[in-house]
Each structure stands twice: as C-alpha cells, then as structure tokens.
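K.L.:
Here it is, the structure in full.
The values are calculated or read from the model by the stated rules, or taken from the named source; none is laboratory data. Fair warning: this is a prediction, and the values are worked out from it, not measured in the lab. Backbone-built Cβ (ideal geometry, glycine too); neighbour counts: all protein chains shown. Ligands, DNA and RNA are stripped out before the accessible areas are found, and what is left, the full protein with its side chains, is counted by its heavy atoms. Shrake-Rupley method; radii C 1.70, N 1.55, O 1.52, S 1.80 Å.
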Amino acid sequence: MSQIEQRLQELGITLPPSPEPRFTYLPCNQTGNLIYLSGQDCRINGELMYEGKLGREVSIEQGQAAARQTIINCLSVMKGYLGDLDRVVKVVKMLAFVNSAPGFGDQPYVINGASDLLVEVFGEQGKHARSAIGTSDLPFHTPVEIELILEVRD
C-alpha cells in the first residue's frame, strides 16, 4: 500500500471511483510534470452534499465540510489518472470558488476545509498557493468548486 493510501486509511477516507465527466472536458490534463484538475464539487454518490449560497442556505461549517468533500473528489480524480498518489510531488496551487450570498466575505474560512485536508494527506507537500473567490452562483448551485495544479513524478 502506498504511503498516501495508508494516510487516507488512517484518516478514515475511502476514495470513491473517479467520476466520468458529463460534459466535454478532461477531468485531468497533464503537461510536463504538472497536472491540472478540472473543477470538482462536493458530490457523494452523485448527489451534492449541500446546495446553495454561503451566508444564506449554507453555513461556514457546512461550507468547510463541502470543501473537504470536494478535495476527496479531487483525490479520486488524481488517483484515477495517476494510479498511485505517491506520484504527487507537491500541491502547487488551489483555485477555489465559493457560491456566496451578497455581503458574504468569509471565503477563506470556508476553503480552509480543503487546504487543511491537503496538508493532512500530503504533509508539507500539501501546502499550496491559493485563491478563494466568491461568486454569484456555481454550476448546479454547488456551494464550492475547486481546481488544483499538482507537480508529479513519473
């Protein structure tokens, strides 16, 4: 068992199968030693765990849980593409969108649910540059969407 798989097991995380895209895009695209993950959301078994805007229908705590689930889904895509998560050298950048009600400005608190999990899983290699952006809506009214850029080894 790989080190990252063992770490996920210690954290009580079972990765779902890598989802198939429903539209015309690649869930993961590689150039050189960089992998770009398309935006993922907080689905569990095909259903959003929460729906709506932070600061209205979704609390900060629920948003953090949604961000955490979104990273689990990102890990699933990474595993499906790489085969072995130990190939990840480091998480380079996270671009996170938060479906925000007017006046909601706590996007960084919400996205810490994602950042914290990356550090729990990858240690120092999980620390990353990040943008947490509030949006007026997201596809299917998901509260959080996250893209990642990763450095990988062969």
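K.L.:
Filter segment 16-49 down to the residues that are hydroxyl-bearing (Ser, Thr, Tyr) and either at pLDDT 95 or above or farther than 15 Å from LEU82 by Cβ (or both), then identify the one that is least open to solvent (accessible area, probe 1.4 Å).
P.N.:
SER38
K.L.:
Ok, one more. So the check is Cβ under 8 Å with 6+ separation or different chains; which pairs have a first residue in segment 65-84 that's in a helix (DSSP H, G or I) and a second one that's open to solvent by 10 Å² or more (accessible area, probe 1.4 Å) and of a type in the set (Phe, Trp, Tyr)?
P.N.:
Close Cβ pairs satisfying both conditions: ALA65/TYR50; ALA66/TYR50.
K.L.:
Looking at segment 90-105, which of the residues that are assigned to a strand (DSSP E or B) and open to solvent by 40 Å² or more (accessible area, probe 1.4 Å) is farthest from ALA132 (Cα to Cα)?
P.N.:
Among residues in segment 90-105 that are assigned to a strand (DSSP E or B) and open to solvent by 40 Å² or more (accessible area, probe 1.4 Å), the one farthest from ALA132 (Cα to Cα) is LYS90.
K.L.:
For the structure I just gave you, tell me whether SER136 is open to solvent by 40 Å² or more (accessible area, probe 1.4 Å) and of a type in the set (S, T, N, Q).
P.N.:
Yes, satisfied.
K.L.:
Go through segment 1-10 and report how many residues are surrounded by 12 or more Cβ atoms within 10 Å (Cβ to Cβ) and assigned to a loop (DSSP other than H, G, I, E, B).
P.N.:
Result for segment 1-10: 1.
K.L.:
Right, another one. Restricting the search to segment 116-133, which residues are touching a residue at least 24 places away in the same chain (Cβ under 8 Å) and open to solvent by less than 60 Å² (accessible area, probe 1.4 Å)?
P.N.:
Residues satisfying the conditions are LEU117, LEU118, VAL121, PHE122, GLY126, HIS128, ALA129, SER131, ALA132.
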